[in-house]
Amino acid sequence: MTALMWFRRDLRLGDNPALLEACADGDVLPLFVLDPQLWGPAGPSRRAYLARSLRSLDAALRGLGAPGLSVVRGHPATEVPRAARAVGARRVHVAADFGPYGRRRDGDVEAALDTDGLRLVRTGSPYAVAPGEVRNGSGDHYRVFTPFSRAWQEHGWPAPQDAPDHRRWLGLGQGQDGGTTELPDPPLPDGLTLPEAGEHAARARWTAFLEHGLEDYDEARDLPGTDGTSRMSVHLKYGEVHPRQLLADLARRPGTGGGTSGSTGAAAYRKELAWREFYADVLWHQPRTAREYYKTQYAQLPYDEPGALFEAWQQGRTGYPVVDAGMRQLRSVGWVHNRVRMIVASFLVKDLHVEWQHGARHFLHWLVDGDLASNNHGWQWVAGSGTDPSPFFRVFNPTTQGRTFDPDGTYVRTWVPELADRAAVPDPHDPSSQVRAAVGYPEPVVDHAEERREALDRWERIR
Ligand SMILES: Cc1cc2nc3c(=O)[nH]c(=O)nc-3n(C[C@H](O)[C@H](O)[C@H](O)COP(=O)(O)OP(=O)(O)OC[C@H]3O[C@@H](n4cnc5c(N)ncnc54)[C@H](O)[C@@H]3O)c2cc1C
């Protein structure tokens, strides 16, 4: 039998249950569809990264003797059945998608295949435990993280599987019915550098983190001036590695809380992965929270229209060093440290009084790891309207946050070059007006103490 493997957010050969199912069918056509609905809004960082990841998958497939990854452009409900017909595939294999668009799209593809008597087979998902699986005693889903993470861990997940040792691959011929498009090669905007893409790069980064980062992760993860986090978010986003693999490796680490108990390294890391799974679960149950307030009463909070201050925030010219460092890091590498994501988000919502959706959209435009569930619920956490929100009255002070988490100013000096010179700028978190003028760094665009009061006044109005 011939099968089609439709890659989406699982751009890897190892530990890919859907691919193994396809291989069990017989001859396999590996396919990727450049869907304008996703490609368009992806933003320059994700488009460029995805293109590199596809090249890496293409090379890995060729290494197995395949003619490469077949790529077509268009709506999947048209292109997938067309490609399946072109090679005579009876079944189309995918890892299930749980996002609002992905669910709709897969329903359309399934219906289109069905009219030809073909089947869409869903095996696995981008998560250790698929959204919708973790339930409480009364069969309902969790609305708060801690009980979810406990039940998630108790639920457990299967062990990772090996890459297929498969020799029977197919490709779509150029110009044939469903003929292939060249692998995309979008330009990288000036000043943007991206991490290496692909399954091999993901594995290398993960191995280095296990060796050098895991032990101190619990403490170092909050310090943006150190290389204290795994940087796996982008690899997870594209499925260059599956969280199951990370969880299995963590469980094997002695002395780092690798077991189900334990409080350091591995346990802390497992908890962060659980946040990713929790937010995917929340989005699955309540797709509206991708755009709307999880706690609906927050929609009543009065906000300002985004204007010049919003632009200053986007450009990293607010005069608050840690905020500007974060916003410039975003534009330079398409990634921002988690602590700083919280600081810049709080600044936008509570100091500039701009609704979280504007910030979330800007993040999704530039983040290479941009993920609807983690991003938009992360924003809602900061805005006070999310599942386990940071209470609205807890307004981050950007100067003290900078001093606490970037005590020697390494982070700020790295991303705000005006403040890099230690002799000229002795206090990078709160430079004097004289220093700012001398190095060409702006004065604060707002007074934090005043805007904090203003935010709390607005909040009082909806309490
Ligand atoms: C406003 C805001 C927006 C965010 N947007 C995104 C996004 O678009 N995509 C994204 O993957 N993460 C997002 N996060 C979560 C977090 O900031 C990133 O996952 C993390 O910074 C990625 O770096 P890392 O892989 O080195 O993290 P590590 O500290 O090494 O964490 C390991 C993994 O755990 C998961 N994780 C860690 N923290 C969180 C969290 N708070 N929520 C969900 N998953 C988490 C990620 O998959 C991460 O790769 C956002 C957080 C906030 C506050």
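The values are calculated or read from the model by the stated rules, or taken from the named source; none is laboratory data. Note that the coordinates shown come from a computational prediction; the quantities given were computed from them, not determined experimentally. Because the Cβ atoms are built from the backbone with ideal geometry, glycine has one as well, and the counts that use them run over all protein chains shown. Ligands, DNA and RNA are excluded from the accessible area calculation, which covers all protein heavy atoms including side chains. Shrake-Rupley method; radii C 1.70, N 1.55, O 1.52, S 1.80 Å.
Remarks
- Subset of the stretch 1-20 [among the small types (Gly, Ala, Ser) and either in a helix (DSSP H, G or I) or more than 23 Å from the chain's Cα centre (by Cα) (or both)]: Ala3, Ala18
- When each of Val340, Val336, Val323 is tested for being closer than 29 Å to Val435 by Cα, in a loop (DSSP other than H, G, I, E, B), open to solvent by less than 30 Å² (accessible area, probe 1.4 Å) and within 14 Å of the ligand (Cβ to nearest atom), the lone residue that passes is Val336.
- Residue list for the stretch 360-376, restricted to those being more than 7 Å from the ligand (Cβ to nearest atom) and touching a residue at least 40 places away in the same chain (Cβ under 8 Å): His362, His365, Trp366, Val368, Leu372, Ala373, Asn376
- Boolean, Arg403 is open to solvent by 30 Å² or more (accessible area, probe 1.4 Å) and either touching a residue at least 40 places away in the same chain (Cβ under 8 Å) or within 30 Å of Leu301 (Cα to Cα) (or both): no
- Taking the criterion of being in contact (Cβ under 8 Å) with a residue 24 or more places away in the chain and either under 29 Å from Glu460 (Cα atoms) or among the aliphatic types (A, V, I, L, M) (or both), the residues of the stretch 306-323 that qualify are Pro306, Leu309, Phe310, Ala312, Trp313, Gln314, Thr318, Gly319, Tyr320, Val322, Val323.
- Checking Asp430 against (1) of a type in the set (Asp, Glu); (2) over 24 Å from the mean Cα position of the chain (by Cα); (3) open to solvent by 10 Å² or more (accessible area, probe 1.4 Å); (4) within 16 Å of the ligand (Cβ to nearest atom), the condition it does not meet: (4)
- Annotation note: Cβ proximity below 8 Å between a residue of the stretch 225-239 that is closer than 14 Å to Arg341 by Cα and open to solvent by 20 Å² or more (accessible area, probe 1.4 Å) and a residue that is within 6 Å of the ligand (Cβ to nearest atom) and of a type in the set (Asp, Glu) (sequence gap 6+ or interchain) occurs for Ser233/Asp369; Ser233/Asp371.
- Candidates His141, His200, filtered to the one that is in contact with an Asp or Glu (Cβ under 7 Å, 6 or more places away or on another chain) and either closer than 25 Å to Met232 by Cβ or modelled with pLDDT under 95 (or both): His141
- Screening the stretch 133-169 for residues that are among the polar types (S, T, N, Q) and assigned to a loop (DSSP other than H, G, I, E, B) and picking the one that is surrounded by the fewest Cβ atoms within 10 Å (Cβ to Cβ) gives Ser138.
- Near pairs, Cβ below 8 angstrom, 6+ apart or cross-chain, from the stretch 276-296 (free of Cβ contacts under 8 Å to residues at least 40 places away in the same chain) to any residue that is open to solvent by less than 60 Å² (accessible area, probe 1.4 Å) and within 15 Å of the ligand (Cβ to nearest atom): Gln286/Tyr294
- Within the stretch 7-21, the only residue that satisfies the criterion of being touching a Phe, Trp or Tyr at 6+ places or on another chain (Cβ under 7 Å) and surrounded by fewer than 24 Cβ atoms within 10 Å (Cβ to Cβ) is Arg9.
- Residues of the stretch 67-85 satisfying the condition of being open to solvent by 10 Å² or more (accessible area, probe 1.4 Å) and closer than 16 Å to Leu170 by Cα: Pro67, Leu69, Arg82, Arg85
- On the stretch given as the stretch 377-400, residues that are of a type in the set (S, T, N, Q), within 10 Å of the ligand (Cβ to nearest atom) and surrounded by fewer than 22 Cβ atoms within 10 Å (Cβ to Cβ) total 1.
- The single residue among Leu330, Leu309 that is of a type in the set (A, V, I, L, M, F, W, C), part of a helix (DSSP H, G or I) and away from the ligand (no atom under 15 Å from the Cβ) turns out to be Leu309.
- Filtering Pro131, Pro164 for residues that are touching a Cys at 6+ places or on another chain (Cβ under 7 Å) and in contact (Cβ under 8 Å) with a residue 40 or more places away in the chain leaves a single hit, Pro164.
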